[in-house]
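Here's the structure we're looking at; comments come further down.
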Amino acid sequence: MDITYKPYLKTSPIIDGHAHMGHYRNFAIPNNDADGMIARFDAVGIDVACVSHHAGISADHEYGNSMVADAVRRHPNRLVGFCVINPNYPKTAASEIARCFGQPGFRGFKVHPELHGDYPLDGPGYRAMWEFADANALPVLSHSYFGGDRLATFESVASKYPDATIFLGHAGIDLGADNALALLDRTSNVLLDMTAIQRHCSAVEYLGNRADPTRLTWGSDSPFIDPGIILGAVVHADIPDEVKTAILYENLARALKIKVVGGVIEEADR
């Protein structure tokens with residue numbers, strides 16, 4: 001069977017909503033610093049990426065957040081910082097949040113409960129983060145996987161913190177695509193982050209043709225994965241062009257309260 005991919009004409013900026021940075025303990029990752037990642041973003045047409053540091057989601061969230069702050073300071077129109085909170089250190093959560101958001105470039109949170117001892121997303125160690133995100137209408141990107149929090153937990157925190165936007169990492173695909181779609185029907189502030197779900201055949205088409213297009217985002221998981229592979233699975237997906245634009249730019253821009261104009265990140269019109 002011959003397969004012909006239609007060319008993709010970029011008609012809007014592209015925001016990568018789920019990227020990382022730095023070395024990781026389990027395997028080698030080349031070009032994992034900000035400069036190396038941006039070079040690859042340039043090659044495939046990604047304008048802006050939301051980043052958290054591998055150190056932050058694993059052993060040292062304060063060091064990781066500092067590395068992100070430095071990268072965002074050096075690349076203010078290319079990188080958006082996501083502050084990582086380690087729930088195992090609840091006494092320092094409020095001060096770390098103040099430190100992150102007291103400097104420019106941080107616009108959301110990233111949590112990875114699996115790497116922090118499978119700490120429950122609705123546990124008290126995350127309370128300061130949820131309260132801050134809710135009070136300031138910020139996005140919270142949370143990893144999901146088959147052994148982690150159930151979708152009921154995501155629904156619970158979405159209900160408790162209605163002004164926070166929850167990016168359900170990897171679209172909750174390990175917990176069932178239809179279950180994740182049903183979660184969208186029961187909530188108003190959960191979006192499916194279609195990061196690295198492309199390993200599942202036709203996953204982008206399945207979600208992109210069924211979900212409200214305003215409730216879908218994407219991310220590359222760079223530098224774990226080459227961003228061109230993941231981006232290609234979205235831009236060549238058999239979904240309407242307006243849905244692609246919503247996934248690649250509009251929904252993330254709205255949640256981050258930005259617009260990208262001529263390669264410059266600007267505050268969104270209020």
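The values are calculated or read from the model by the stated rules, or taken from the named source; none is laboratory data. Bear in mind that the values here come from a model prediction, so they are computed numbers and not experimental data. Methodologically, a virtual Cβ is constructed for each residue, glycine included, from the backbone with ideal geometry; neighbour enumeration extends over all protein chains shown. Accessible surface areas use protein heavy atoms only, side chains included; no ligands, DNA or RNA. Shrake-Rupley method; radii C 1.70, N 1.55, O 1.52, S 1.80 Å.
Quick check on my filter: what residues within segment 132-148 are under 19 Å from the mean Cα position of the chain (by Cα) and in a helix (DSSP H, G or I)? Don't jump to the end; show me each part of the working.
First pass over segment 132-148, keeping only residues under 19 Å from the mean Cα position of the chain (by Cα): 132-134, 136-146, 148.
Across segment 132-148, the qualifying residues are Phe132, Ala133, Asp134.
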Worksheet item: If a residue has to be surrounded by 24 or more Cβ atoms within 10 Å (Cβ to Cβ) and assigned to a loop (DSSP other than H, G, I, E, B) to count, how many in segment 47-66 make the cut?
Response: 2
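Identify the residue in segment 67-85 that is open to solvent by 10 Å² or more (accessible area, probe 1.4 Å) and closer than 19 Å to Leu141 by Cβ and, among all such residues, is farthest from the chain's Cα centre (by Cα).
Among residues in segment 67-85 that are open to solvent by 10 Å² or more (accessible area, probe 1.4 Å) and closer than 19 Å to Leu141 by Cβ, the one farthest from the chain's Cα centre (by Cα) is Met67.
When segment 18-45 is examined, which residues are found to be in a loop (DSSP other than H, G, I, E, B) and without any contact (Cβ under 8 Å) to a residue 60 or more places away in the chain? Outline the logic, then answer.
Applying the first criterion (in a loop (DSSP other than H, G, I, E, B)) to segment 18-45 yields 20-23, 25-26, 28-33, 45.
Selection gives Gly22, His23, Arg25, Asn26, Ala28, Asp33.
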Worksheet item: Of (1) open to solvent by 10 Å² or more (accessible area, probe 1.4 Å); (2) modelled with pLDDT under 95, Pro162 satisfies all except one. Which?
Response: (2)
Discussion item. One residue is enough: does segment 95-114 have a residue meeting the conditions part of a helix (DSSP H, G or I), surrounded by fewer than 20 Cβ atoms within 10 Å (Cβ to Cβ) and small (Gly, Ala, Ser)?
Written reply: yes
Worksheet item: When you go through (1) touching a Ser or Thr at 6+ places or on another chain (Cβ under 8 Å); (2) open to solvent by less than 10 Å² (accessible area, probe 1.4 Å); (3) farther than 23 Å from Leu216 by Cβ; (4) not hydrophobic (A, V, I, L, M, F, W, C) one by one for Gly22, which number turns out not to apply?
Response: (1)
Worksheet entry | Failed item, numbered, when Phe167 is tested on (1) touching a residue at least 40 places away in the same chain (Cβ under 8 Å); (2) at positive phi | (2)
Fill in: Ile239 of a type in the set (A, V, I, L, M, F, W, C) and surrounded by fewer than 18 Cβ atoms within 10 Å (Cβ to Cβ)
no
Worksheet entry | Top-ranked residue of segment 172-228 - restricted to ones that are touching a residue at least 60 places away in the same chain (Cβ under 8 Å) and among the aromatic types (Phe, Trp, Tyr), ranked as least open to solvent (accessible area, probe 1.4 Å) | Trp218
Practice prompt. Under 8 Å between Cβ atoms, at least 6 apart or on separate chains: pull out the pairs that start in segment 46-64 with a residue that is touching a residue at least 60 places away in the same chain (Cβ under 8 Å) and end on any residue that is hydroxyl-bearing (Ser, Thr, Tyr).
Written response: Ile46/Ser220; Ala49/Ser220; Ala49/Ser222
